[in-house]
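To start, the structure under review is shown below, and the notes come after it.
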Amino acid sequence: MKEVVRTEAAPAPFQGAPYSQAIKTNGFVFVAGQVALKPGDKEIAGETIQEQTEQALANLGAILEAAGSGLDRLVKTTVFLQNLDDFQGMNEVYATKVGDQPPARSTVEVAKLPSGALVEIEAIALS
């Protein structure tokens, strides 16, 4: 059994694309990749990797909260960076948000992200 998670506190799927913000099933929450869009906005929030990481994690946190979870319950994240040179700046913000027991994580450089974002973060958390 799976439950679709939806909150107005995080951006809706791009242009009605066929995906959910998150799916809750079997004690886990699987969250779709989040970029630095504020709910209702069409433009990326912030120009620096730090600002964009902050907003992406705020979106992730809002979705997890709507699912009855939180950033402290993350077990795995994948971070997509437009430029791997932004790793340190992203990591500075990321470290302040994931607690003293950080999740497993993969970080990869990609050619392009939606809306020209510098970072996108997807996650799996305990529900």
Using the Karplus equation 6.51 cos²θ - 1.76 cosθ + 1.60 (θ = phi - 60°), what ³J(HN,Hα) coupling, rounded to whole Hz, does each residue of segment 6-12 give in order, writing x for Gly and Pro?
9, 9, 7, 7, 9, x, 6
Show that you can apply the helix-only estimate: for the chain, add -39,500 (n - 2.57) for every DSSP H stretch of four or more residues, divide by all residues, and state [θ] at 222 nm to the nearest 500.
-7500 deg cm²/dmol
For the chain, calculate the relative contact order in percent as a whole number, restricting contacts to Cα pairs under 8 Å that are 6 or more residues apart.
31 percent
Residue among A111, A95, A67 with the largest mean-square fluctuation in a Gaussian network model of the chain, springs linking Cα atoms under 10 Å
A111
Projected area of segment 54-127, taken from the Cα convex hull and averaged over every viewing direction, in nm²?
4.6 nm²
Among P114, P103, P18, determine the one that fluctuates most according to a GNM of the chain built with springs between C-alpha atoms less than 10 Å apart.
P18
Just the number, please: Stokes-Einstein D of the chain in µm²/s, Kirkwood Rh from C-alpha pairs, 25 °C, 0.890 mPa s.
171 µm²/s
Which residue, I49, I23, I63, has the most motion in a Gaussian network model of the chain that connects Cα atoms within less than 10 Å?
I23
Count of lysine pairs, segment 1-76, Cα-Cα under 25 Å, sep. 8 or more residues or interchain, comes to 5
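Here, each number is a calculation from the coordinates, and none is a lab measurement. Remember, it's a predicted structure, so these values are computed and weren't measured experimentally.
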